[in-house]
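Everything below concerns the one structure shown next.
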Amino acid sequence: MPPITLNRRAILALGGAFLFFLILSGAVTNHVRPDIIQKHLPESWRSTSNLPPPQQDPPAEPKQEGDPQQRWQEEIFPLAKAGKVPKINPKNIVKDNNLKTPLLIGFTRNWYLLEQAVVSYLTAGWPASQITVIDNSGVMDSNLRGLLTAKNPWYLNHTRLTQLGVSVKRTPTLLSFAQLQNFYINHAIEQDWEYYFWSHMDVVVISKEYQVENYKGLYEGAVDILRTALDERRHWALKFFAYDYLTLVKVEAMKDVGAWDTQIPFYMTDCDMYARLSMKNWTMDPVDIGHIFDVASHLKDLAVLYPAEGQESELNTTRFVDLKLELERMMKEKLDNKGGRNYWQARQNGGQGEPFWRNPKGFERAINFWIEKGRELFRLKWDYGDCDLERIGRKYGDEWTKGSGN
């Protein structure tokens, strides 16, 4: 029997059929069919390699009865979504200010609290052009590309921040608190800043509108503190507005003590940094410019942070009085919670299957693990476990020189 032979056309036909079978079966591209990949990419990304523009909010999911997470999936600034951002009180706008006031606000999770914090700074007079949100969500460019949904803890709405005039800068990967602080310092050095402000994302700020006579908005107070600090030529490192909920930082001081110790990633890293600054005679002064509330929940509608229409120039209105009472209640609720002041961080748990998704409960457990390891390392470093290092006689350079093994 003669051997079976195939001409070139038959071979090509068989090969093409086999490749077609592989594509259909998902054997190509890591077992994911190309049509499925295309379905989950933004339309503009499918036809070009350039970054697509940020996407608007995804449509709200239908409410489910008894869904405890629904509150995390609602729009809390409907006017902004409709393109109608209200006007702030003109008395909060500082005119003829020649000082830069860069404000960095770090974000890891919970878009709603971040948006609330940003809007509160804007309504207190802080220029949007001077505010930068540091996206430390650890999801690379997923938020920029609009690949996450609002129920995802690490979702960040670039479109909304751009609409408000606020900038966004991404960290290269997820950073610990100490690493994030050093990221701020490095960013300031790159921008040739001598100083900068930074704030937490779980705060709400308001001015003291009840001080009608000689009124100064919160932002104007911050400018006055900065101007005084620059004029006094003192050896100052930090100005604390309600501890570090809002902080003015001198870059020279941070560099002088070697910046933050990233081997102490979370709690106790502030004790370490502030002690080292004090040991080198850098001062850290408490100052007061307004109300800064530490909160774990959000207002139902952020429009309440703006003056009511027709009352833009009025102070201490019923709206303001009610807002202050509500923020005081929210802060008390956070401080009184039996789960600790950070209980809010692991409550949002949507977004499974989206890029870089992590189990929020596991993420929180991992952070708590490193918090304890950081406390342990602090004790090893200083041979002491509390913040009052100078009271017990520790001096700059004493780190790693006492205790067993040294």
Please report, ordered by residue number, the helices (runs of 4 or more DSSP H) entirely within the range 137-248 with at least 2 residues that are within 26 Å of ILE371 (Cα to Cα) and in contact (Cβ under 8 Å) with a residue 40 or more places away in the chain.
-> 177-190
Does the range 302-314 hold any residues that are surrounded by 14 or more Cβ atoms within 10 Å (Cβ to Cβ) and either touching a Phe, Trp or Tyr at 6+ places or on another chain (Cβ under 6 Å) or acidic (Asp, Glu) (or both), and which are they?
-> LEU302, GLU312, GLU314
Within the range 275-292, the count of residues that are touching a residue at least 60 places away in the same chain (Cβ under 8 Å), closer than 17 Å to TRP198 by Cβ and not aliphatic (A, V, I, L, M) comes to 1
Residue match in the range 86-93 (condition: modelled with pLDDT under 95, buried (at least 20 other Cβ atoms within 10 Å of the Cβ), of a type outside the set (Val, Ile, Thr) and not in a loop (DSSP other than H, G, I, E, B)) | no
The range 358-406 - residue that is within 21 Å of the chain's Cα centre (by Cα) and of a type in the set (Phe, Trp, Tyr) and, of those, surrounded by the most Cβ atoms within 10 Å (Cβ to Cβ) | PHE363
Subset of the range 371-402 that is in contact with an Asp or Glu (Cβ under 8 Å, 6 or more places away or on another chain) and not in a loop (DSSP other than H, G, I, E, B) - its residue that is nearest to MET268 (Cα to Cα) | PHE378
Consider only pairs whose beta carbons are under 6 Å apart and that are at least six residues apart or on different chains; among these, list those whose first residue lies in the range 108-125 and is closer than 16 Å to GLU312 by Cα and whose second residue is among the hydroxyl-bearing types (Ser, Thr, Tyr).
-> THR123/TYR306; ALA124/SER207; ALA124/TYR219; GLY125/TYR219
All conditions in (1) at pLDDT 95 or above; (2) closer than 15 Å to HIS200 by Cβ; (3) surrounded by fewer than 19 Cβ atoms within 10 Å (Cβ to Cβ) are true of GLN263 except (2)
Mind checking which residues of the range 93-107 are within 26 Å of ALA303 (Cβ to Cβ) and without any contact (Cβ under 8 Å) to a residue 12 or more places away in the chain?
-> LYS95
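The values are calculated or read from the model by the stated rules, or taken from the named source; none is laboratory data. In this text, all values refer to a predicted model and were calculated from it rather than measured experimentally. Note: ideal-geometry Cβ built from the backbone for every residue, glycine included; neighbour counts use all protein chains shown.
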